[in-house]
Amino acid sequence: MPETRHHPPHAPLTPTSDATSNAGIARRLDEVAQLLEQQQANPFRVKAYHNAAATLRALTRPVADILRDEGLDGLDRLPAIGAGLARTIAELVNTGQLAMLERLRGENDPVALLASVPGIGPRLAQRLHEELDIDSLEELEAAAADGRLRDLEGFGEKRVAGVRDALATRLGRRRATTVPAVHAPPVAELLDVDREYRESARLGVLPHIAPRRFNPSGETWLPVLHT
């Protein structure tokens, strides 16, 4: 009689990692909410991220499956998940990361970040970090503008110009030309926000941050309004 062998069931080909599981994504949404709260962002925005995290924890179906089968509309139909949060969750599902959270954390590897700029390789990035104490793209832009970059061996006028051009694109000053007009807020709304910002800044009720661009001393002086 032939021997009967019992084989264990096959494991999924693409198992869901903790980073893209419902619980993993919920933790990141809660972290966004906590960081926004620390920065005194709008309480409704903070609550929206907490509510979205609670929705994901209550789901009995992986959110990755919902995105795969129903797309962004499927996420949008979930309780407490609107269009913006649907895109946020999709980014986490697809990449395991969230650019917004990384910005809030300030957790980029400075050498790897600098080396990602065209014209700067790993060696130059290491020197920029060690010799000029540059940790961010904003600080690199400041160094290119004030002449420190030009004084570092390996940087000529052509390379500095290329870095400045790359940073102009990377830091988003040209992004406005590619945003469809349909997403632009009404002028009246922009003017109202401007009025609120100026009035609140004059009264001294806004939290202050230290701008990362063109602020080598790290002074905390810029009023911030979350709205």
Going through the range 33-77 one residue at a time, which ones are touching a residue at least 40 places away in the same chain (Cβ under 8 Å), open to solvent by less than 60 Å² (accessible area, probe 1.4 Å) and not in a loop (DSSP other than H, G, I, E, B)?
L35, L36, V63, A64
Are any of the residues in the range 93-111 more than 30 Å from R27 (Cβ to Cβ) and not acidic (D, E)?
no
A90 - would you say it is at pLDDT 85 or above, under 17 Å from the mean Cα position of the chain (by Cα), hydrophobic (A, V, I, L, M, F, W, C) and within 30 Å of V63 (Cα to Cα)?
yes
Looking only at the range 90-100, which residues are in a helix (DSSP H, G or I) and closer than 21 Å to H226 by Cβ?
E91, A99, M100
What number goes with the only condition from (1) open to solvent by 20 Å² or more (accessible area, probe 1.4 Å); (2) assigned to a helix (DSSP H, G or I) that A143 does not pass?
(1)
Could you list, in sequence order, all residues of the range 78-87 that are at pLDDT 90 or above and either out of contact with any Leu (no Cβ under 8 Å at 6 or more places or on another chain) or assigned to a helix (DSSP H, G or I) (or both)?
P79, A80, L85, A86, R87
Please tell me if L124 is open to solvent by less than 70 Å² (accessible area, probe 1.4 Å), assigned to a helix (DSSP H, G or I) and modelled with pLDDT of 85 or more.
yes
Going through the range 78-115 one residue at a time, which ones are more than 20 Å from A48 (Cβ to Cβ) and surrounded by 14 or more Cβ atoms within 10 Å (Cβ to Cβ)?
G96, N108, P110, V111, L113, L114, A115
Just wondering, is there one or more residues in the range 195-208 that are closer than 24 Å to E138 by Cα and open to solvent by 80 Å² or more (accessible area, probe 1.4 Å)?
yes
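The values are calculated or read from the model by the stated rules, or taken from the named source; none is laboratory data. These numbers were taken from a predicted model, which means no experiment stands behind them. Note that we place each Cβ from the backbone using ideal geometry, even for glycine, and neighbour counts take in every protein chain shown. Just the protein is used for accessible areas: all its heavy atoms, side chains included, with ligands, DNA and RNA removed. Shrake-Rupley method; radii C 1.70, N 1.55, O 1.52, S 1.80 Å.
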